[in-house]
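Scroll down for the structure; my scribbles are underneath it.
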Amino acid sequence: MGDRVRWGILSTANIGRRVIPAIHASGNGAVAAVGSRSLASAQAFAAEQHIPRAHGSYEALLADPDIDAIYIPLPNSLHAEWSIHCARAGIPTLCEKPFASDAAEAQAIVDAFVERDVLLAEAFMYRFHPQHQRIKQIIAEGGIGDMQIIASAFTFPISDAANIRLSKPLAGGALMDVGCYCVNLMRFMTGEEPSQATASKRIGAATGVDEALAGALHFPAGVIGSFHCGLRAWREHSYTIKGTKGMLRVPASFVPEKNAEAIVQHWRGDDYTEHRIPAVDQYQLMVEDFADALLQGRAPRFSADDAVANMRVVDKLLAAVA
């Protein structure tokens, strides 16, 4: 392995076009190969993304002796199957969010990696952006008083009817695709698991998935969280945290531009401050953390157990509107 992790990309899914450049730019990793269900598809993708080798099956990628870690950007419904294949092959794996189709699948993934003592993490890239750590610091320092309310939104319009996010068999839907960010953010900021979950959703007549969903979470210490997500509504990805003495707002929270400063808006009483966070590529920070964990023999920054916990909340929300 040396001082750079050699990555294999398991599928040619579109999200890879964000993660692969981040690996190319990273200081401790390199993309070594990609696998697809057809060799022609793998070769075309490899040429486009400057990947040295292409394999015509996922099995061939896992059998490649020059691969140190796998990144899985498959559709949600295939995460468990192929993550477990990676565990059985003994290959450290970074699996795209949402981690699985439900919490039971998520736990099965974690169990497979624990059993074989292989590194595993969920690719929730937003958590690596320093703006969220700045938010936590402000809260810890009393910058808004006692936290009371968190509100979040993640929406964007899909026009392509064939988009996998709109596929029920592939475990699509607004909550699975973007609402999971809002859920994770609330758990991350409170440090708690919600004791109550309620939701309302709109099912697409043609798709059968939740194309819009609004949810509410109640946390044990008393914080109330609300969020909405959607695959047909105009684009927004933001959150607001209100306390007894002030408020914080992040207007570009989950997919900020990697070349632009992030802005954290902070009201304390009548005083207003803008905290400007230098531009970063949160995808690059994510893959560098996983590669460093592998090289240094440490745990990833965020435990895979957190992925299971997040899926439990997703399950609760879906059950609340079933």
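The values are calculated or read from the model by the stated rules, or taken from the named source; none is laboratory data. Remember, it's a predicted structure, so these values are computed and weren't measured experimentally. Backbone-built Cβ (ideal geometry, glycine too); neighbour counts: all protein chains shown. Calculation scope for accessible area: heavy atoms of the full protein, side chains included, ligands and nucleic acids excluded. Shrake-Rupley method; radii C 1.70, N 1.55, O 1.52, S 1.80 Å.
Just one residue in the set ARG202, ARG235 is basic (Lys, Arg) and within 30 Å of GLY143 (Cα to Cα); that residue is ARG235. Applying the criterion of being without any contact (Cβ under 8 Å) to a residue 60 or more places away in the chain and not charged (D, E, K, R) to the residues of region 164-177, the residue that is nearest to LEU78 (Cα to Cα) is GLY173. Condition test on VAL255, is it open to solvent by less than 40 Å² (accessible area, probe 1.4 Å), part of a loop (DSSP other than H, G, I, E, B) and among the β-branched types (Val, Ile, Thr)? Here the answer is yes, as VAL255 does meet what is asked.
When MET125 is tested against the conditions (1) touching a Lys or Arg at 6+ places or on another chain (Cβ under 6 Å); (2) open to solvent by less than 10 Å² (accessible area, probe 1.4 Å), the lone failure is (1).
When SER11 is tested against (1) on the phi < 0 side of the Ramachandran plot; (2) touching a residue at least 24 places away in the same chain (Cβ under 8 Å), only condition (1) is not met.
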